[in-house]
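All remarks here apply to the structure that follows.
The values are calculated or read from the model by the stated rules, or taken from the named source; none is laboratory data. Model, not experiment: these values are computed from the prediction. Positions of Cβ are backbone-derived with ideal geometry, glycine not excepted, and every protein chain shown enters the neighbour counts. To get the accessible areas, we keep the full protein, side chains included, count just its heavy atoms, and leave off ligands, DNA and RNA. Shrake-Rupley method; radii C 1.70, N 1.55, O 1.52, S 1.80 Å.
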Amino acid sequence: MLTIGCHLSATKGFLHMGQETIQIGGNTFQFFTRNPRGSQAKELNLNDIARFQSYAEQHGIHHILAHAPYTLNPAAENPATREFAELVFKDDLTRMEHLPGQMYNFHPGSHVGQGVETGINHIVSLLNKTLFPDQTTVVLLETMSGKGSEIGSSFTELRAIIDRTELSEKVGVCWDTCHLFSAGYDIVNQLDNVLTDFDKTVGLNRLLAIHLNDSLMPFQGHKDRHEKIGKGQIGLDAIGRIINHPALKDKPFYLETPQDNLSGYAHEINILKELYQS
Ligand code: FE
Ligand code: FE
Ligand code: ZN
């Protein structure tokens, strides 16, 4: 069965996100752990979590994906910026244990002129300071488009981060199809080769979630501009091959396409379900 959902606003709580997911025909969702600007997180509502958990079980929602604020920069030059990222990470990972066994995705960060090696050192240091042995959450590095000085636009950079993380069994990868395409991985014409490369460099067993987005910008443009499914440079045929590929078809997929409302996501989920060969 296709595991599919979209990014939802967390402001009305987990039960509400679960209900929205079912309403649009999905069975998983992504949410920001706090305001994307990285402000203080709302206090967890344990009653809402309990109600969500029983709703999720009844309705077949098995995976959810938390997303760290995208404004954090674990690779920043300024120590205060890195410390802030650590604080948020620590707090988020603690809170995630109220929903055990889920995933927490983050953008590795930008080295802003310090060089890739120094940037990777900072990211590894954040992971080694914040991951803890008995956490049940898997932390995912998102593949990035490589705009500016972003780290994580190549599989070798992801490998370097994982290799040096002490609790590397807690680390996986989240593909973003728009970002891969704009980073120069030809998932349209060379999907098998990209998968082989990823498997050799990182390991397919580390690939735990996929952000499913079309790309407004052309191949290898190093731009991060999402487009609606089938309306961009990736196109519906390639997206169909991605969700049906034997190595990918059982992964959870998350839409982060530009939509005005939930019915836009419902429409895309419908298209994808029709494309999916169960
Ligand atoms: Fe992201
Ligand atoms: Fe993404
Ligand atoms: Zn993006």
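Side notes on the structure shown:
- Test for K147: is it out of contact with any strand residue (DSSP E or B) (no Cβ under 9 Å at 6 or more places or on another chain) and open to solvent by 50 Å² or more (accessible area, probe 1.4 Å): no
- Residue match in region 116-127 (condition: over 22 Å from D199 (Cα atoms), away from ligand 3 (no atom under 15 Å from the Cβ), among the β-branched types (V, I, T) and not in a helix (DSSP H, G or I)): no
- Qualifying residue in region 36-52 (condition: within 21 Å of the chain's Cα centre (by Cα) and within 16 Å of ligand 3 (Cβ to nearest atom)): yes
- Answer from G152, G148 - the residue that is in contact with a His (Cβ under 8 Å, 6 or more places away or on another chain) and either among the hydrophobic types (A, V, I, L, M, F, W, C) or within 23 Å of L212 (Cα to Cα) (or both): G152
- Qualifying residue in region 218-235 (condition: open to solvent by 10 Å² or more (accessible area, probe 1.4 Å) and among the acidic types (D, E)): yes
- Selection from region 87-104 of residues that are crowded, with 17+ Cβ neighbours inside 10 Å and closer than 14 Å to L126 by Cα: V88, F89, D92, L93
- Top-ranked residue in region 154-180 [being outside any helix (DSSP H, G or I), closer than 25 Å to F132 by Cα and more than 12 Å from the chain's Cα centre (by Cα); ranked as farthest from ligand 3 (Cβ to nearest atom)]: E166
- L255 passes every criterion in (1) of a type in the set (A, V, I, L, M, F, W, C); (2) within 16 Å of ligand 1 (Cβ to nearest atom); (3) open to solvent by 50 Å² or more (accessible area, probe 1.4 Å) apart from (3).
- Count of residues meeting criterion [closer than 26 Å to T71 by Cα and either of a type in the set (D, E) or open to solvent by less than 50 Å² (accessible area, probe 1.4 Å) (or both)] in region 22-43: 11
- Condition met for S182 (open to solvent by less than 10 Å² (accessible area, probe 1.4 Å) and more than 17 Å from L158 (Cβ to Cβ)): no
- Pick from region 1-21, criterion open to solvent by 30 Å² or more (accessible area, probe 1.4 Å) and of a type in the set (S, T, N, Q), ranking: nearest to the chain's Cα centre (by Cα): S9
- Check on T137, in contact with a strand residue (DSSP E or B) (Cβ under 9 Å, 6 or more places away or on another chain), over 28 Å from E227 (Cβ atoms), open to solvent by less than 10 Å² (accessible area, probe 1.4 Å) and among the polar types (S, T, N, Q): yes
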